[in-house]
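One structure is given below, encoded as structure tokens.
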Amino acid sequence: MSVAVLFVCLGNICRSPLAEAALRQECTASDLNIIVDSAGTGDWHAGQPPDERAQAAAARNGLDIGHLRARQVTPADFRDFDHIVALDRQNYRDLRAMQPANARAQLSLLLDHVEGRAGEDVADPYYGEDAAFDQTWSEVTDAARAMRQRLEADAVA
Ligand code: 4NP
């Protein structure tokens, strides 16, 4: 059995590609059969690779994300994924508004998965410095660890 997880931010070039890479990396040594993807609520960057600064932050942590391409989230994603994880509360509200009645996907906020951070946003690093991207990386890796543990527990339940 596999589990499919989609991370969603605004542009799909900064935060959600890093979350995608972090969860994929977190699960490499796991028995979980996991499918991970990311998308944006907006379409301005569709077809583009991650922001150079996001690519650099991933590279500082040993990961190449240059092959990823941005896309916009679609109603079909609510059928195709088990979990859709919003990076901030505005993304969450936008996803909630487009959620079809027959959605399979469970919608959550990324930092709700991290103890003590429930209800918080992963801040948009787009107008920030490199340090903002390292902060994003730190937050998405914390969440990826917690999500991997939760998904493994769910898989044996
Ligand atoms: P992301 O960051 O949502 O983390 O991918 C952004 C990327 C682009 C824009 C805003 C946020 N933008 O306004 O183009």
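Couple of notes before you dig in:
- Scope the range 23-72; condition among the β-branched types (Val, Ile, Thr) and more than 16 Å from the chain's Cα centre (by Cα); matching residues: Thr28
- Any chance Ala131 is more than 20 Å from Asp37 (Cβ to Cβ) and at pLDDT 95 or above: yes
- Residue match in the range 94-104 (condition: over 26 Å from Ala29 (Cα atoms), touching a Lys or Arg at 6+ places or on another chain (Cβ under 9 Å), modelled with pLDDT under 95 and not aliphatic (A, V, I, L, M)): yes
- Residues in the range 1-50 that are farther than 15 Å from Leu63 by Cα and among the hydroxyl-bearing types (Ser, Thr, Tyr) were compared, and the one that is surrounded by the most Cβ atoms within 10 Å (Cβ to Cβ) is Ser38.
- Restricting attention to the range 78-92 and to residues that are among the acidic types (Asp, Glu) and away from the ligand (no atom under 16 Å from the Cβ), the residue that is surrounded by the most Cβ atoms within 10 Å (Cβ to Cβ) turns out to be Asp82.
- Within the range 94-141, the set of residues being touching a residue at least 12 places away in the same chain (Cβ under 8 Å), among the acidic types (Asp, Glu) and either closer than 24 Å to Val73 by Cα or not in a helix (DSSP H, G or I) (or both) comprises Asp94, Glu115, Asp121, Asp124, Glu139.
- Residue check for Ser38: without any contact (Cβ under 8 Å) to a residue 60 or more places away in the chain, near the ligand (Cβ under 10 Å from one of its atoms) and either outside any loop (DSSP other than H, G, I, E, B) or in contact with a helix residue (DSSP H, G or I) (Cβ under 8 Å, 6 or more places away or on another chain) (or both): yes
- Pick from the range 57-77, criterion in a helix (DSSP H, G or I) and surrounded by 14 or more Cβ atoms within 10 Å (Cβ to Cβ), ranking: nearest to the ligand (Cβ to nearest atom): Ala57
- For the range 8-26, a tally of residues being assigned to a helix (DSSP H, G or I), in contact (Cβ under 8 Å) with a residue 24 or more places away in the chain and more than 7 Å from the ligand (Cβ to nearest atom) returns 9.
The values are calculated or read from the model by the stated rules, or taken from the named source; none is laboratory data. Just so you know, these numbers come straight off a predicted model, no measurement behind them. Here Cβ is always computed from backbone atoms with ideal geometry, including for glycine, and neighbour counts include all displayed protein chains.
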